[in-house]
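The structure appears below as structure tokens.
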Amino acid sequence: MKAVVCTQYGSPEVLQIREVKKPEPKRNEVLIKVFATSAHIGDTRIRRVDPFLVRIIFGLFKPKKNLILGLEVSGIVEDVGSNVTSFKAGDEVFALTGFGLGGYAEYRCLPEKVKEGKQERKGLVAIKPSNLSHEEAATVPAGALTALKNLQKAKISKGQKILINGASGSLGTYAIQLAKYYGAEVTAVCSGQNFDLVKSLGADHVIDYTSEDFTRIPQKFDVIYDAVMKSKASKCRKILKKNGFFLNNYRQPKIIGDDLLFLKDLIEKNILKPVIDKIYPVEEIVEAHRYVDKGHKKGNVAVTVYTGK
Ligand SMILES: NC(=O)c1ccc[n+]([C@@H]2O[C@H](COP(=O)([O-])OP(=O)(O)OC[C@H]3O[C@@H](n4cnc5c(N)ncnc54)[C@H](OP(=O)(O)O)[C@@H]3O)[C@@H](O)[C@H]2O)c1
């Protein structure tokens, strides 16, 4: 099969399309024909070795042989292992590959269930929301699940005031919609050019970070989510209520298969939708990474792997 291999650490040009071995599903796995993936900021950070920990996980001096990036996918189940009961060939699915990566490829195998101690729980594959294209669905798992779990950690609830910094990015656009779903009043921090976008997602108030320091405003918040990781808890303390909650993404939240089904339900009820900035064909993956590297994408960047035509 064809896959985008990360041949070195460095600039987007290190990504090259190569022929690699097609995976075969184990007894508990589904084989997904990947229709779309995303150019996720996490992929670009691994490629750029940011942070250094990347080298410990993915190869000290150069990436492990045939390292294929891609944290999330959408596609069609082509085959299933003998123990798989909840998926069959032909099912349209979306999935989080997580740090197992491998989404930038024609095929990816993922487990239907994963072991947790002596228990088994659902894996991070679910039937795709019926109202999304593969490109849209491929941008949901990482960003929306991270935003969801972070807001749940802060126990966001009806009537609370939340400030979201980086509201126009992937996490920000999901966080606005999820905070509104939980009944919160949302102040979105982004540049003025993205005011219309964040308001269309439900933001009640907007602050332009290019002309105003949000940490100096007189209002106080129950929750501050620094989704874009450009601020600090110490700076935000002044605008946080007593017992308020400061969040960022330093700790990766624990995500389970039911979380993906929860998002699917919100999407099918038109409560949540992915914002797609651009869609690139996989042959233009270098361009896609170049664009994400600039740090100004609006929502998400999708990558078409297979058009089905
Ligand atoms: N996305 C995920 O699933 C995920 C998961 C875990 C951790 N993270 C981490 O969380 C951070 C954000 O990820 P992301 O995917 O949401 O990023 P992103 O989509 O690349 O963020 C880009 C957005 O951030 C805005 N922005 C840039 N500088 C800003 C600033 N100083 N203040 C406010 N907004 C600013 C940009 O708006 P302008 O063009 O107007 O500047 C742009 O819309 C990254 O550090 C990432 O590694 C992300």
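General remarks:
- Residue in segment 44-54 that is nearest to the ligand (Cβ to nearest atom), counting only those that are in contact (Cβ under 8 Å) with a residue 12 or more places away in the chain and of a type in the set (D, E, K, R): Arg48
Residue by residue, here is whether (1) within 13 Å of the ligand (Cβ to nearest atom); (2) touching a Leu at 6+ places or on another chain (Cβ under 9 Å); (3) not assigned by TED's automatic domain parsing to the domain that holds Glu92 holds:
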residue: Pro25; (1), (2), (3): no, yes, no
residue: Lys33; (1), (2), (3): no, no, no
residue: Gly42; (1), (2), (3): yes, yes, no
residue: Ile56; (1), (2), (3): no, no, no
residue: Phe61; (1), (2), (3): no, no, no
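- Restricting attention to segment 67-98, the residues that are over 26 Å from Lys294 (Cα atoms) and of a type in the set (S, T, N, Q) add up to 4.
- Of all residues in segment 223-235, exactly one satisfies the criterion of being more than 25 Å from the chain's Cα centre (by Cα) and surrounded by 12 or more Cβ atoms within 10 Å (Cβ to Cβ), namely Lys235.
- The residue of segment 252-308 that is farthest from the ligand (Cβ to nearest atom), among those that are modelled with pLDDT under 95 and in contact with a helix residue (DSSP H, G or I) (Cβ under 6 Å, 6 or more places away or on another chain), is Ile255.
- Residue ranges of strands (runs of 3 or more DSSP E) in segment 210-309 with at least 1 members among the charged types (D, E, K, R) and under 17 Å from Glu136 (Cα atoms): 276-281
- Against the criterion of being over 30 Å from Asp213 (Cβ atoms) and crowded, with 24+ Cβ neighbours inside 10 Å, Ala137 qualifies.
- Residues in segment 76-103 that are farther than 27 Å from Ile17 by Cα and aromatic (Phe, Trp, Tyr): Phe87 alone.
- Within segment 219-241, residues that are at positive phi reach partners that are in a loop (DSSP other than H, G, I, E, B) with beta carbons closer than 7 Å, at six or more positions or on different chains, in the pairs Met229/Asn248; Met229/Asn249.
- Cβ-Cβ contacts under 9 Å between residues 6 or more apart (or on different chains), taken from a first residue in segment 264-288 that is among the acidic types (Asp, Glu) to a second residue that is part of a helix (DSSP H, G or I), are listed as Asp277/Tyr291; Glu287/Pro12.
- All positions within segment 171-188 that are on the phi < 0 side of the Ramachandran plot and not in a helix (DSSP H, G or I): Tyr182, Ala184, Glu185, Val186, Thr187, Ala188
- In the set (1) closer than 30 Å to Gly299 by Cβ; (2) free of Cβ contacts under 8 Å to residues at least 24 places away in the same chain; (3) of a type outside the set (Gly, Ala, Ser), the condition left unmet by Val77 is number (2).
- Output for segment 199-218, where each listed residue is free of Cβ contacts under 8 Å to residues at least 12 places away in the same chain and within 15 Å of the ligand (Cβ to nearest atom): Lys199, Ser200, Glu212, Asp213
- Candidates Thr187, Thr173: the one that is at pLDDT 95 or above, more than 9 Å from the ligand (Cβ to nearest atom) and buried (at least 22 other Cβ atoms within 10 Å of the Cβ) is Thr187.
- Positions within segment 85-108 being closer than 25 Å to Asp43 by Cβ, assigned to a loop (DSSP other than H, G, I, E, B) and of a type in the set (Ser, Thr, Tyr), in sequence order: Thr97, Tyr104
- Taking segment 1-68 and the strands (runs of 3 or more DSSP E) fully enclosed by it, the elements with 2 or more residues that are not hydrophobic (A, V, I, L, M, F, W, C) are at 15-19, 29-38.
- Filter result for Val305 (farther than 23 Å from Ser200 by Cα and in contact with a strand residue (DSSP E or B) (Cβ under 6 Å, 6 or more places away or on another chain)): yes
- Selection of segment 160-170 for residues being over 14 Å from Lys298 (Cβ atoms), within 13 Å of the ligand (Cβ to nearest atom) and either of a type in the set (A, V, I, L, M) or assigned to a helix (DSSP H, G or I) (or both) yields Leu163, Ile164.
The values are calculated or read from the model by the stated rules, or taken from the named source; none is laboratory data. What you are looking at is a predicted structure, and each value in this text was computed from that prediction instead of being measured. Quick reminder, even Gly has a Cβ in these numbers, built from the backbone with ideal geometry, and neighbours come from all protein chains shown.
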